[in-house]
Structures are given as C-alpha cells and as structure tokens.
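Asks: The structure that follows is given in the form of structure tokens.
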C-alpha cells in the first residue's frame, strides 16, 4: 500500500482450511448452482497488478507451495506440498484495492484480459507442481479453482486460518 | 512486504460474511468448546507491528468502519456501518510474517504484551463506534472477537468474501 513505482505485481492472501467450498456456477432457472470443494489444504486468494507477466509465475508458485505456511498434525510448520494438502485458488480482484477517502479504487489492477490469462497459467502451474509432488508421495490431493470474473461464493472451515500475505 | 524503515504499523485483512463463527475457548475435559458468532458483516483479521501505538487506533477504526468494503442487498458498495453489519475481530499474528527461504519469520511483530493491549483497545473502540451507529439506526449489530494469543478456529460462510488488505 505504501509502495510507489516498483511495487508488487501480484498480491496473495493464504488461509489454511479443513474444508473449503466455492461456487463456480450460480443457480439458474433450470440448473442448480455448481461447487468445487477441497478438504485439508490451503486457500490462495490472488490478484495481479498492472505490469505482471508470465515471468513471475514459476517463482510465485514455487514460493507459495514450498514455504512453510501450514501446521501439520504434530504441530510442526510445513509447506502445503509436505502436508500434503489440496489447493483452492480464488481470483480476488478486491485485493488490489486502495482506499481513497471512503471509496475503494482498483486502478492498479491488471486488465481483465491479461488477468484471465495469468490466472489460468497460475492455476495450470499449481496443478502441475502439486501433481508431481502428490504422485511422488502417492497422496490424494487436488487443485480446485474459481472462475475469473465471477462472484466467489465461499464457505470455509478451519482449525485456524493462519492468514498470511505474500506479495511478488 | 517491500517496505523498509517507515513501513506500516498495523496490517488488516477484511472479509465479508453471511455468518462467521470463532472458537474462543477450546474443549476441555469437563467443558465444551465455546464460540462467538456473527451473522452478516465483516471479519477483521488484525496484526500489529513493532512501533504501533494507541495513536493510530482512532484512524484505523474510523477507516475500517467507514470505507465502502461491503455489498448491500441492492449491489451497492457501502461501509459496514451503513450495511449495517456486525464485526468479528480476529487477532492474526501470522499476517506479520515475512518469508526467509522456506521459513516464515515474524521478527517485525509487536511484543505480546503491547499487542494484547492494543488489540483490547482496538476491540473497545470498534464496539463504541458500532454501538453509536447502531443505536442511531436502531439496528441489531454486534462486535465479537477472538482471544489474543489463542488458536483462531474459524468457520466462515460468505456470499463472496471481497477480501481487502488495509495497512496503517
């Protein structure tokens, strides 16, 4: 918030969960709402700023998946890959907001087109990394994600969210 | 995360909720766990850094309660006081974390004693502001909060968390 010029190009908020459920399609006249769900793991809320490019994605994903943000059953801090835990990725443009008077402004957020592309690439990279680690550990973890541009109707159950902020 | 020297003295993450429930006392041999709960309103995760003093609290509370972070029934962005919504305040020391290699470090966090005092004063001020606004509007809103230093076992139900970051 205090950065100028060379500020971050992406902002993430991380929360631990026992279970998290996200609506990916609202109910319509002839169809029920659709949801994705993970059990134990981490929710990644993500927002890209103007200037973000694909170049930052490998470092972002590697950091988010390997930094020790999660508490294991024995109370030790481990990474989500080590836990092993699932991922729920939630596009969250509001994270780019800056207060001006009583209004929030989002002038620094990436364009919708570029944001959609980067978000898709971020999800793919997470899927690849998690699949590689899970296959090595023979664990059943998964990556789920919200739809860019939609309302993110979320239900979260935690044993302590351990909320972290990481900017890139 | 990129600030040096004159960085923020407090970091908050704000999420909108339809209902939020927080454990304030874990189950013990002879007693069940105790919870506090709010319905529609805002969850404030809060972390103070070294250098934070009581002087910042009035501005923080005024900003958090008056900036338009919430979506009204008609889809208009309004403040939590205007909504009117309740508040769930969650002490969240992890928000002060900074990655060093694969470990998170919390060296910049305020001391436990000062943090406890500031957190208590922050909660009191929120209660006062919300009560004044609610009494004026004859609405039934409330302030609930977690216990500083405890594990924050949280359950959150949203219609879109609209996650925001605000630093002071």
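The values are calculated or read from the model by the stated rules, or taken from the named source; none is laboratory data. None of the values given here were measured: they were computed from a predicted structure. Here the Cβ positions follow ideal geometry from the backbone for every residue, glycine too, while neighbour counts run over all protein chains shown.
Asks: One residue is enough: does the stretch B:112-129 have a residue meeting the conditions within 14 Å of another protein chain (Cβ to nearest Cβ), under 14 Å from the mean Cα position of the chain (by Cα) and at pLDDT 95 or above?
Replies: Let us first name the residues in the stretch B:112-129 that are within 14 Å of another protein chain (Cβ to nearest Cβ), namely none.
No, the stretch B:112-129 has no match at all.
Asks: Report yes if some residue within the stretch B:85-94 is surrounded by 15 or more Cβ atoms within 10 Å (Cβ to Cβ), on the phi > 0 side of the Ramachandran plot and away from every other protein chain (no Cβ under 11 Å); otherwise report no. Break it down into steps so the answer makes sense when it comes.
Replies: Initial filter on the stretch B:85-94 (surrounded by 15 or more Cβ atoms within 10 Å (Cβ to Cβ)): B:85-94.
Restricting the remaining residues to those that are on the phi > 0 side of the Ramachandran plot gives none.
Among the residues of the stretch B:85-94, not one is surrounded by 15 or more Cβ atoms within 10 Å (Cβ to Cβ), on the phi > 0 side of the Ramachandran plot and away from every other protein chain (no Cβ under 11 Å), which makes the answer no.
Asks: Here's a follow-up. Applying the selection to the stretch B:21-33, what residues are more than 10 Å from chain A (Cβ to nearest Cβ), over 19 Å from residue B:120 (Cβ atoms) and part of a strand (DSSP E or B)?
Replies: B:28, B:31 - these are the residues of the stretch B:21-33 that are more than 10 Å from chain A (Cβ to nearest Cβ), over 19 Å from residue B:120 (Cβ atoms) and part of a strand (DSSP E or B).
Asks: Out of everything in the stretch A:136-168 that is touching a residue at least 40 places away in the same chain (Cβ under 8 Å) and out of contact with any strand residue (DSSP E or B) (no Cβ under 9 Å at 6 or more places or on another chain), what residue ends up being farthest from the other protein chains (Cβ to nearest Cβ)?
Replies: Among those that are touching a residue at least 40 places away in the same chain (Cβ under 8 Å) and out of contact with any strand residue (DSSP E or B) (no Cβ under 9 Å at 6 or more places or on another chain), it is A:139.
Asks: Here are the criteria: (1) in a strand (DSSP E or B); (2) within 19 Å of residue A:130 (Cα to Cα); (3) within 12 Å of chain B (Cβ to nearest Cβ). Tell me which single one residue A:36 does not satisfy.
Replies: (3)
Asks: Next question, about the same structure. So residue A:45 passes all but one of these: (1) within 14 Å of another protein chain (Cβ to nearest Cβ); (2) part of a loop (DSSP other than H, G, I, E, B); (3) modelled with pLDDT of 95 or more. Which condition number does it fail?
Replies: In the conditions (1) within 14 Å of another protein chain (Cβ to nearest Cβ); (2) part of a loop (DSSP other than H, G, I, E, B); (3) modelled with pLDDT of 95 or more, residue A:45 misses (2) alone.
Asks: May I pose another question? Looking at the stretch B:2-20, can you tell me whether even one residue there is in contact with a helix residue (DSSP H, G or I) (Cβ under 6 Å, 6 or more places away or on another chain), within 25 Å of residue B:106 (Cβ to Cβ), touching a residue at least 40 places away in the same chain (Cβ under 8 Å) and away from chain A (no Cβ under 13 Å)?
Replies: no
Asks: Please state which of the following conditions residue A:62 fails to meet, knowing it meets all the rest: (1) more than 12 Å from every other protein chain (Cβ to nearest Cβ); (2) exposed (fewer than 15 other Cβ atoms within 10 Å of the Cβ).
Replies: It is condition (1) that residue A:62 fails.
Asks: Go through (1) more than 9 Å from chain B (Cβ to nearest Cβ); (2) without any contact (Cβ under 8 Å) to a residue 40 or more places away in the chain one by one and return the number of the condition residue A:108 breaks.
Replies: All conditions are met except number (2).
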